[in-house]
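Notes follow the structure.
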Amino acid sequence: MLAQQLLNGIALGFTYILIAVGLTMIYGVLKLLHFAHGVIYTVGAFSAMIGILYLNMNFIVAILFGMIIAGIAGVLVERLAYRPLRGTHPITTLISGVGIAIFVESLFQAIFTSDPRGFPATGMKVEPIHITSSISLTNSKLYIIIVGLVCLLLLYAFLKWTKMGVAIQAVSQDMRAASLMGVNVNQVVAVTFFIGSALAALAGAFVAYDFNSLFPTMGSIPGLKAFCVVVLGGLGSIPGTIIGGLILGIVESLSEGYLTGMVIDKDAIAFVILILILLLKPSGLFGKQVEKV
Amino acid sequence: MLEIEQLSVSYGRIQAVRNISLKVESGEVVTLIGSNGAGKTTTVHAITGVIPAQGSIRYEGKELCGLSAHQIVREGIVLVPEGRRVFPRLNVEENLYMGAYASKMGSAERDQEMERVFQLFPRLAERKTQLAGTMSGGEQQMLAIGRALMAKPKLLILDEPSMGLAPIVVKDIFDTIRQIKQEGLTMLLIEQNAMMALSVADRGYGLEHGEIVFSDHVENLRDQDVVKKAYLGK
Ligand SMILES: Nc1ncnc2c1ncn2[C@@H]1O[C@H](COP(=O)(O)OP(=O)(O)O)[C@@H](O)[C@H]1O
Ligand SMILES: [Mg+2]
């Protein structure tokens with residue numbers, strides 16, 4: 001039972017990590033809380049669905065398609081909702097992000113209705129894999145873990161060993177100094193939004209596939225939980241986000257296994273953790289310092 | 001090489017730099033001295049495109065006013081910013097690598113350039129993998145200068161390289177600046193420490209309340225009463 005819940009928790013944790021990594025990178029470069037990140041996750045899931053239903057894509061191509069569309073959507077959100085407000089009070093950009101989220105959710109409701117729909121069939125059936133007689137995992141959850149690990153390794157290599165990756169780190173640490181080295185900050189910001197959005201889309205598409213369900217507001221709770229993960233790990237810290245995501249995934253999964261019927265709903269745990277962290281260690285587990293918003 | 005005419009910069013309603021004119025010829029080291037708040041950093045930020053300005057900044061015949069910071073680096077003007085501003089969570093090598101960001105050097109040429117920086121600052125060579133944020137102020141200043149040199153500047157601007165450093169470290173840094181001068185690099189040296197600045201520069205300008213109050217060859221400046229009184233503490 002414990003091993004089973006841990007395994008499920010790790011899979012859940014990886015979906016949170018994939019969403020939250022983009023948030024933390026975006027916070028890093030712009031010191032901005034990107035409240036429209038949850039809808040980017042939704043855009044990813046719906047784009048993958050459209051790829052399968054209307055563009056005859058297979059599963060993998062559809063997921064990549066969803067990532068690209070969501071990446072472009074993320075870049076557009078930055079361009080239209082955040083860049084014109086750069087230099088204004090952080091609350092202004094935050095409200096702008098919330099506005100975008102409401103707009104996109106409403107647009108999706110108008111086009112697709114609010115009703116949940118199933119993830120289109122691709123021949124990739126969700127079925128359990130038995131690891132031991134008592135421990136099993138659905139193949140979809142196993143894919144999430146594998147794909148999540150691969151993405152994190154690729155992201156690490158990108159940030160460490162490519163010119164653009166090091167520039168993203170440099171902009172996160174000192175935007176002005178980076179521009180004085182010849183870094184086009186707007187380009188770095190766009191690349192960061194693209195990567196972060198594509199990773200959120202990956203999570204969105206996989207969750208839709210795993211639960212066989214898509215709906216226009218599917219991104220709002222995961223988006224908020226990703227915030228909790230980022231605050232838990234420490235704003236701007238990628239290792240912190242990874243640890244934070246795993247902690248939340250595992251705690252949620254354990255509570256589901258052991259605390260069913262308790263006063264606290266599973267989805268509330270993230271916010272309890274958020275409140276505790278803000279009270280006890282506002283800079284998060286790996287945070288450097290707290291900046292006032 | 002660099003010709004600034006009638007340059008003004010305002011922060012909101014406050015004019016921090018008023019109609020200043022200044023020239024740097026190729027091969028020269030020019031210093032701009034002034035006390036805290038005189039407008040030195042503001043001037044440098046206008047030249048390097050960090051803040052918008054009115055007036056004219058011509059560099060090798062090209063107008064720079066209106067270009068942004070990342071474009072101006074590509075023209076060959078590189079700034080060692082006030083307060084050093086190395087990337088604290090990148091190591092020494094990565095900081096230097098960022099210095100070469102705008103250049104079109106291949107990796108072999110870049111490694112060669114890095115070797116040159118390590119020769120100039122052996123202390124950095126010993127700390128290649130140390131995070132810049134954990135180094136001493138003097139080491140960070142060396143790294144900031146080394147990082148700027150990685151861009152192969154044609155005009156190097158240093159904004160108060162002596163700021164916050166112990167006298168012995170300041171002497172080290174200025175010895176290096178002298179060495180760079182010997183190699184023929186054109187520099188604009190911003191300083192509050194007039195004594196040190198006048199010891200390396202060919203010509204100097206004085207800035208007070210956003211206006212140029214004197215300009216001359218350093219030999220003449222050292223003898224001028226105003227300069228002595230205001231900056232040299234004599
Ligand atoms: N970002 C800013 N906003 C408003 N005023 C500023 C800003 N930066 C500098 N100033 C003002 O402009 C004047 C010149 O500052 P600065 O150029 O930094 O002087 P220096 O480098 O000579 O010490 C000062 O009065 C300072 O208070
Ligand atoms: Mg200054």
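Only one of B:Leu124, B:Leu221, B:Leu156, B:Leu165 is within 16 Å of ligand 2 (Cβ to nearest atom) and either closer than 25 Å to B:Arg18 by Cα or away from chain A (no Cβ under 14 Å) (or both); which?
Only one candidate qualifies: B:Leu165.
Quick check: anything in region B:46-64 within 16 Å of ligand 1 (Cβ to nearest atom) and in contact (Cβ under 8 Å) with a residue 60 or more places away in the chain?
Taking every residue of region B:46-64 in turn, at least one turns out to be within 16 Å of ligand 1 (Cβ to nearest atom) and in contact (Cβ under 8 Å) with a residue 60 or more places away in the chain.
Which of the residues belonging to region B:68-107 are away from ligand 1 (no atom under 16 Å from the Cβ), at pLDDT 95 or above and either more than 11 Å from chain A (Cβ to nearest Cβ) or at positive phi (or both)?
B:Gly76, B:Val92
Evaluate the following for B:Met187: is it away from ligand 1 (no atom under 16 Å from the Cβ), closer than 18 Å to B:Ser21 by Cα and either in contact (Cβ under 8 Å) with a residue 12 or more places away in the chain or open to solvent by less than 40 Å² (accessible area, probe 1.4 Å) (or both)?
Yes, satisfied.
What residue, among those in region B:190-212 that are away from ligand 1 (no atom under 13 Å from the Cβ) and assigned to a strand (DSSP E or B), is most open to solvent (accessible area, probe 1.4 Å)?
B:Arg203
Can you tell me which of (1) within 12 Å of chain A (Cβ to nearest Cβ); (2) within 16 Å of ligand 1 (Cβ to nearest atom); (3) open to solvent by 40 Å² or more (accessible area, probe 1.4 Å) is the one B:Gly133 doesn't meet?
(2)
Residues of region A:177-231 being of a type in the set (S, T, N, Q), away from chain B (no Cβ under 14 Å), out of contact with any Gly (no Cβ under 7 Å at 6 or more places or on another chain) and not in a helix (DSSP H, G or I), which ones?
The answer is A:Thr217, and nothing else.
Being within 12 Å of ligand 1 (Cβ to nearest atom) and surrounded by 20 or more Cβ atoms within 10 Å (Cβ to Cβ) is the filter here, so list the residues in region B:17-40 that pass it.
B:Val17, B:Ile20, B:Leu32, B:Ile33, B:Gly34, B:Ala38, B:Gly39, B:Lys40
The values are calculated or read from the model by the stated rules, or taken from the named source; none is laboratory data. Everything quoted here is computed from the prediction, not taken from an experiment. Cβ atoms come from the backbone with ideal geometry, glycine included; neighbour counts cover every protein chain shown. Just the protein is used for accessible areas: all its heavy atoms, side chains included, with ligands, DNA and RNA removed. Shrake-Rupley method; radii C 1.70, N 1.55, O 1.52, S 1.80 Å.
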